Ligand code: XMP
């Protein structure tokens, strides 16, 4: 629509002004719509002076990393650095079952990996630049939306300067200024801007997905084997939801692996002692409250049959029919 074209053009102008003729910017892509749209807008404004960083922590769902590495890049022409940090994250998570500890570890490792990447990317660009007086400022792109701005009580121009932790190779006095092209937008407007910019529909319409990823959808310790099992089951559930045309009726559809629970089953010729998964489809307006989604029985039946047929480690599929409150959307 006209309005969305205007929003994009207006933001592009504003960003060019903020970043200037030779400023350098970095954006962390999470795999979600907000960071992708924010990066795409900034890319349009300053081209290759923006570098996007995607930290692959190994906790994403099937196909999501490829969506960023291949489809996002194809759609935007953005300069993308992918950091394969799966091993580092899994090593750090080894032996950990407590949900909050998992979150802390994942958050900590993310910052470590991202800051190292930031230094690797910026240091040579700064060294190669024509900045006689030295670069004092780099720009950090964030997909902050209007509701986040309101929630944090921040008006325009609030303290948006961040100093970097002293990681190797960057000038000591370098500061980061935030660039937030989505600060005035609501989620549905962000999606329209994303479509306007030609981002892939699966990315633009993706359901919310937690930062710690599948790490908090495995009840118990997170291992590569368990992640692979959950990825297969989750992919089937998502595929069938899409096939049924229900994506936009459902807020989120977590699939949760009860990795420390075993249940007896019969599959093929013999008894099995496998794991249950929980389907947790919910409807919601804002994730503060939610209701369990009345997904049609036929769709649930297909999901159940396919998961137990196609994922040998899973021999039981259960449905969570708890609203929020009292149950949260995620299990951890
Ligand atoms: P709950 O489970 O509290 O989730 O009902 C509410 C919303 O928040 C998401 N969620 C998270 N998002 N990091 C995130 O970025 C997290 O640690 C996290 N935990 C929950 C959840 O998916 C839902 O959309």
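Grab the Cα-Cα distance for residue 17 and residue 264, subtract it from 0.36 nm times how many residues apart they are, and report the gain in nm with one decimal. Kindly include the intermediate steps, with their values, before the conclusion.
Details: separation 247, 0.36 × 247 = 88.92 nm, distance 6.35 nm.
Residue separation times 0.36 nm, minus the Cα-Cα distance, leaves 82.6 nm.
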When the scattering of the chain is computed by the Debye formula from its Cα atoms alone, each counted once and equally, what is log10 I(q)/I(0) at q = 0.12 Å⁻¹? -0.91
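Expressed in nm to one decimal, what extension gain is obtained for the pair residue 82 and residue 100 from 0.36 nm per residue of sequence separation less their Cα-Cα distance?
Details: separation 18, 0.36 × 18 = 6.48 nm, distance 2.67 nm.
That works out to 3.8 nm of additional length.
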The computed P(r) of the stretch 157-295 puts the percent of Cα pairs beyond 19 Å at 68
Cα long-axis angle, helix 187-196 against the chain (0 to 90 degrees, to the nearest 10): 70
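Do the sum for the chain: with -39,500 (n - 2.57) for every DSSP H run of n ≥ 4, divided by all residues, what is the mean residue ellipticity at 222 nm, to the nearest 500 deg cm²/dmol?
On the way: 10 runs with 128 residues, N = 332.
Roughly -12000 deg cm²/dmol at 222 nm, from the helical runs in the chain.
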Can you compute the FRET efficiency between residue 324 and residue 163 using 1/(1 + (r/R0)^6), with r the Cβ-Cβ distance and R0 = 35 Å? Round to the nearest 0.05. 0.35
Could you check what % of the DSSP bridge pairs in the chain are antiparallel, to the nearest 5? 40
Taking a label point 7 Å from the Cα of residue 291 along the Cα→Cβ vector, which residues of the stretch 223-257 have an amide N closer than 14 Å to it? 249-251
With Cα coordinates, the longest principal axis of the chain makes an angle with the long axis of helix 2-19, in degrees rounded to 10, of 50
Span from the the stretch 38-114 Cα centroid across to the the stretch 189-244 one, whole angstrom: 14
When only Cα pairs under 8 Å and 6 or more residues apart are kept, what is the percent relative contact order across the chain? 17
Normalise the Cα radius of gyration of the stretch 217-319 by 2.2 N^0.38 Å (N = residues in it) and let me know the number. 1.08
Hey, rough spin-label estimate for residue 224 and residue 74, points 7 angstrom out along Cα→Cβ, what's it come to in nanometres? 2.8
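Read the figures in this text as sums done on the coordinates, not as results from a lab. As the structure is a prediction and not an experimental result, all values here were calculated from the model. Reconstructed Cβ throughout: ideal geometry from the backbone, glycine too, with neighbour counts over all protein chains shown.
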